[in-house]
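Only one structure is covered here, and it is reproduced in the block below.
The values are calculated or read from the model by the stated rules, or taken from the named source; none is laboratory data. A quick note: this is a predicted structure, and the numbers were derived from the prediction, not measured. Methodologically, a virtual Cβ is constructed for each residue, glycine included, from the backbone with ideal geometry; neighbour enumeration extends over all protein chains shown. Surface accessibility is based on the protein's heavy atoms, side chains included, excluding ligands, DNA and RNA. Shrake-Rupley method; radii C 1.70, N 1.55, O 1.52, S 1.80 Å.
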Amino acid sequence: MSRFKGIYWRTFTVTVGMVALTLVLLGASFFSLTYSYIMTEKRSELQDRAEIIAQMALKAYSESTSRESLQEELISMVEISEQMSGTDFLIWVPHWHTFFGTNASLGGRELTMPAAMGAKLERREVYMGVSDLGLYEKPRAVVAVPARSAGGVEIGPVLAVAEPNTMTEMWRAFLGIFGMTAVTVLLIAFVATATTAMQQTKPIRDMAAAARKFAEGNFDARVHDSGREDEIGELIKSFNAMAESLQQTERQRREFIANISHELKTPMTTIAGYADGILDGVISGPEERQYLAIISDESRRLARLVRRMLDVSQLQSMDLIKQKTAFDLSESMRRVLVSMEKKITGRGLDVDVEIPEDPVMVLGDNDLLTQVVYNLLENAAKFASQGSTLFLGLEKKAGKAVVTVRNTGQTIPPEELPLLFERFHKSDRSRSADKDGVGLGLYIVRTILEQHHEKITAESENGVTTFSFTIHLAEETAKTV
């Protein structure tokens, strides 16, 4: 993938592009509004000055005694006004049919009014436009006010002429300030966007690198958690949790392979060794029957191991949500107790039973939960002391049915309790009268209960070991079914 097609560059380009586009649109609007405003204000200012010049010229004309003195006074007035405002003023004196002003005649050229100006002035309206008036090299802004009269005397029109640079000086200043501001904002946007995009994409790149390591079989890689509380921080935590889960799954897989290799190797070695001995004639006579019996037992144990492994595989792929039904758990427990009677009496054990006479309706898979009770009771009988008493109980508590299986034997060390439900884990074989276990019974129990979203607990103290699990009671409607 090209580096310029990554999230970093996309985020950077989109953000900076949006900032730039916003500045362009704002700048265009700002320039349009400010230019129009400044031009309007400048023309209004020119009109006001032309009105004042007209009134002053009218007064000078009424007090003048000769054309020369009037001309001197008008030119002096115009020069002072031009120096103060940077604007040319031209005054029309109708009595003498002459324009007075410092620029009334430039290089021998005479003033020429545009037709639109003449039409406006005839209607005694103010004219605002652009013209060279036949005097200037380049067009200029022109404001012409109609004639003013008082006491039978009339002066005007008066023209105020301004150079374009004086009209746009403030607008250009605004343009410069806006340009500097825009450049500063863009630089800040560049830095902020680059920093933010880098912070957003770095964890993603780290996760991609970690995922590649996972593909290579290395599950130790983790993404550094900087304590972020946003979506990226949540993604990092979830990714690391997934990595932990993958690492644990890989570790369990390796342990499973090692355990199953060991479990399969022992009976297969025994079977192969004794079979070879019989075939070679090393074992014969009465011993042959004895070793054939051992081969038969080991073959059955191997079959049980394979069957249990298949059971586990099927359980892990089941969708129990569709198989849940309401059934009487107390009746199922009684059937388990009857089926276990021979094993229990064979060990010389008694059973203390506390199962309600009335039905206890629960929601779940009847066959699988019956298997849970069977495995727990079988395990309790296997590890119980000779002549001791087993306990099998059922009660309702907080909307759930609680099943308890208890035996008396040797105390299980606290550090071993969490391992009881792992695959192929076996307690000390010296405490078991049954040497043929494969270490999957309690693992199947936990798997079935997890499929039902339930948990099982184990406690062992002073030789008394207790297993308890819960299962949801069925709804009242299910109880009537």
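Structure values in brief
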{"read-out": "Elements of type helices (runs of 4 or more DSSP H) contained in region 327-392, each with 1 or more residues being among the polar types (S, T, N, Q), touching a helix residue (DSSP H, G or I) at 6+ places or on another chain (Cβ under 9 Å) and closer than 28 Å to Gly463 by Cβ", "value": "329-339, 366-383"}
{"read-out": "Enumeration of residues in region 215-229 that are surrounded by 14 or more Cβ atoms within 10 Å (Cβ to Cβ) and either outside any loop (DSSP other than H, G, I, E, B) or more than 24 Å from the chain's Cα centre (by Cα) (or both)", "value": "Phe219"}
{"read-out": "Of all residues in region 85-97 being outside any loop (DSSP other than H, G, I, E, B) and at pLDDT 70 or above, the one that is most open to solvent (accessible area, probe 1.4 Å)", "value": "Trp92"}
{"read-out": "Qualifying positions in region 344-363 - more than 18 Å from Thr470 (Cβ to Cβ), touching a Leu at 6+ places or on another chain (Cβ under 9 Å) and surrounded by fewer than 17 Cβ atoms within 10 Å (Cβ to Cβ)", "value": "Asp350, Val351, Asp352, Val353"}
{"read-out": "Criterion violated by Ala104 - all others in (1) farther than 19 Å from Glu45 by Cα; (2) modelled with pLDDT of 70 or more satisfied", "value": "(2)"}
{"read-out": "Single residue of Phe391, Phe383 found to be within 21 Å of Thr470 (Cα to Cα) and open to solvent by less than 70 Å² (accessible area, probe 1.4 Å)", "value": "Phe391"}
{"read-out": "Considering residues of region 58-80 that are surrounded by fewer than 13 Cβ atoms within 10 Å (Cβ to Cβ) and not in a helix (DSSP H, G or I) only, the residue modelled with the lowest pLDDT", "value": "Thr65"}
{"read-out": "When residues of region 233-271 are limited to those that are open to solvent by less than 50 Å² (accessible area, probe 1.4 Å) and at pLDDT 80 or above, the one nearest to Arg307 (Cα to Cα)", "value": "Ile271"}
{"read-out": "All positions within region 145-186 that are of a type in the set (Gly, Ala, Ser) and modelled with pLDDT of 80 or more", "value": "Ala160, Ala162"}
